[in-house]
Amino acid sequence: MNKNYNWAVLGCGNIARKFAADLKTLPNARLYAAASRSKEKAEAFVAEAGFEKAYGSYEDMVRDPKVDIVYIASPHAMHREHTLLCLEHKKAVLCEKAFAINAAEARSMVDSAKANDCFLMEAFWTKFLPSYQKAQEMIRSGQLGELRMVRADFAFKGDYDPKRRLFNVALGGGSLLDIGVYPVFVALDALGTPTDIQTMADWSPSGAEQTILVSFRYPGGKMASLASSLGANSSTQAEYWLTGGYIRLNGQFNAPTSLSWSTRKQPEQTIVVENSRGSGYQYEAAHVMDCLDAGRIESDIMPWRFSIDMMECLDRIRAEAGIVFPGHD
């Protein structure tokens, strides 16, 4: 019989609310504790989301011996600090993307997981969603030929406030680490690490990158065309171009509701792969508990090497575009 796990949430924002709602769909997940730097905010979150205990200090929460797993939902500029705090107190960690600010931080997080013999995984929920996994299965099968091109975009019109996370460079603000990670993820997952990267960027008044276009080139002429923006809205779709046809992730591709595919000789067909129960966050949470049941400290689906490769690629994009985060670079 699988063990029941006490989950804690570090950071009580919108993403934590969505994640907590999906935790409720898992019979072996207990909504145990939530922490914020404000006790009042933690108490309000606990009352709303259905957790049992509220902490006004992250340190107090990780000292609680009943906490098994911590979901880190703080701004990505704090991910390294908060991950190390949890790992040093022997708490399993599911850390939101972007995993860190840069690859050096990501490597130090993985080193801590190894040193403390404690589970750590980046919370890239898209990787675990049924429609996304079906698309990867079709690509790997070769039924549509060889993959040659990936195209993906993610954009929305954000409310400009230089003090808040999206446009605050001190917090890692800008579209790249907030939503640009999704197009980059899709390309890396399908094609691997590019040999060449080219970028164009537009800037907000705060100095945070607002819009970025990124091109990847691979050996043999394979490519990826990626874009993210906080200054406009897009359809937020991803397409895979193959020698025998194409695949498109429908809806917002980071949480696809279906996928469509076609060949030159066949009309477009759509496959609907239903999400079970929640909004989609339940799949990554269930996987974390499966890993712990098996005594693993690293996921075989979202391994450390991929998260580090991702951060190294994002570092290359930032260097090419001139994106700098003071205090982290």
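The values are calculated or read from the model by the stated rules, or taken from the named source; none is laboratory data. As the structure is a computational prediction, the values presented were derived from the model and not from experiment. Cβ atoms come from the backbone with ideal geometry, glycine included; neighbour counts cover every protein chain shown. Side chains included, ligands, DNA and RNA excluded: accessible areas come from the protein's heavy atoms. Shrake-Rupley method; radii C 1.70, N 1.55, O 1.52, S 1.80 Å.
Scanning segment 1-51 for residues that are within 20 Å of residue 74 (Cβ to Cβ), among the aliphatic types (A, V, I, L, M) and either in contact with a His (Cβ under 9 Å, 6 or more places away or on another chain) or part of a helix (DSSP H, G or I) (or both) yields 10, 15, 16, 20, 21, 23, 42, 44, 46, 49.
Return yes or no: is residue 54 among the aliphatic types (A, V, I, L, M), more than 23 Å from the chain's Cα centre (by Cα) and assigned to a strand (DSSP E or B)?
Details: among the aliphatic types (A, V, I, L, M): yes; more than 23 Å from the chain's Cα centre (by Cα): yes; assigned to a strand (DSSP E or B): yes.
For residue 54, the condition - among the aliphatic types (A, V, I, L, M), more than 23 Å from the chain's Cα centre (by Cα) and assigned to a strand (DSSP E or B) - is met.
When segment 271-329 is filtered for residues that are modelled with pLDDT of 95 or more, farther than 15 Å from residue 101 by Cα and small (Gly, Ala, Ser), the ones remaining, listed by number, are 285, 286, 294, 295, 299, 321.
Listed by first and then second residue, the pairs linking a residue in segment 144-157 that is at negative phi and in a loop (DSSP other than H, G, I, E, B) to a residue that is crowded, with 17+ Cβ neighbours inside 10 Å and among the β-branched types (Val, Ile, Thr), with Cβ atoms under 9 Å apart and 6 or more places separating them unless they lie on different chains, are 144/247; 156/179; 156/236. Any idea how many residues of segment 136-185 are closer than 20 Å to residue 232 by Cβ and aliphatic (A, V, I, L, M)? Total meeting the criteria: 8. Screening the candidates 297, 317, 301 for the property of being more than 30 Å from residue 20 (Cβ to Cβ), β-branched (Val, Ile, Thr), surrounded by 14 or more Cβ atoms within 10 Å (Cβ to Cβ) and under 20 Å from the mean Cα position of the chain (by Cα) yields one hit, 317.
For segment 258-272, the criterion of being under 27 Å from residue 68 (Cβ atoms), out of contact with any Ser or Thr (no Cβ under 6 Å at 6 or more places or on another chain) and of a type outside the set (Asp, Glu) is satisfied by no residue at all.
Test of understanding: among 212, 247, which residue is within 24 Å of residue 99 (Cβ to Cβ) and in contact with a strand residue (DSSP E or B) (Cβ under 9 Å, 6 or more places away or on another chain)? Before the answer, list the steps.
Details: 247 fails: within 24 Å of residue 99 (Cβ to Cβ).
Going through 212, 247 in turn, the sole match is 212.
All conditions in (1) within 15 Å of the chain's Cα centre (by Cα); (2) part of a loop (DSSP other than H, G, I, E, B) hold for residue 64, with the sole exception of (1).
With the condition kept exactly as written, say whether any residue in segment 148-166 is β-branched (Val, Ile, Thr), under 23 Å from residue 124 (Cα atoms), surrounded by fewer than 19 Cβ atoms within 10 Å (Cβ to Cβ) and at pLDDT 95 or above. Explain how you work it out, then say what you get.
So the first thing to find is which residues in segment 148-166 are β-branched (Val, Ile, Thr), and the list is 150.
With the extra rule that they be under 23 Å from residue 124 (Cα atoms), the set shrinks to 150.
From what's left, surrounded by fewer than 19 Cβ atoms within 10 Å (Cβ to Cβ): none.
For segment 148-166, residues β-branched (Val, Ile, Thr), under 23 Å from residue 124 (Cα atoms), surrounded by fewer than 19 Cβ atoms within 10 Å (Cβ to Cβ) and at pLDDT 95 or above: absent.
Residues that are within 20 Å of the chain's Cα centre (by Cα) and among the hydroxyl-bearing types (Ser, Thr, Tyr) were ranked within segment 175-226; the one that is most open to solvent (accessible area, probe 1.4 Å) is 193.
State the number of residues belonging to segment 240-253 that are within 19 Å of the chain's Cα centre (by Cα) and open to solvent by 10 Å² or more (accessible area, probe 1.4 Å).
So in segment 240-253, the residues within 19 Å of the chain's Cα centre (by Cα) come out as 249-253.
With open to solvent by 10 Å² or more (accessible area, probe 1.4 Å) added as a condition, the list becomes 250-252.
Selection size over segment 240-253: 3.
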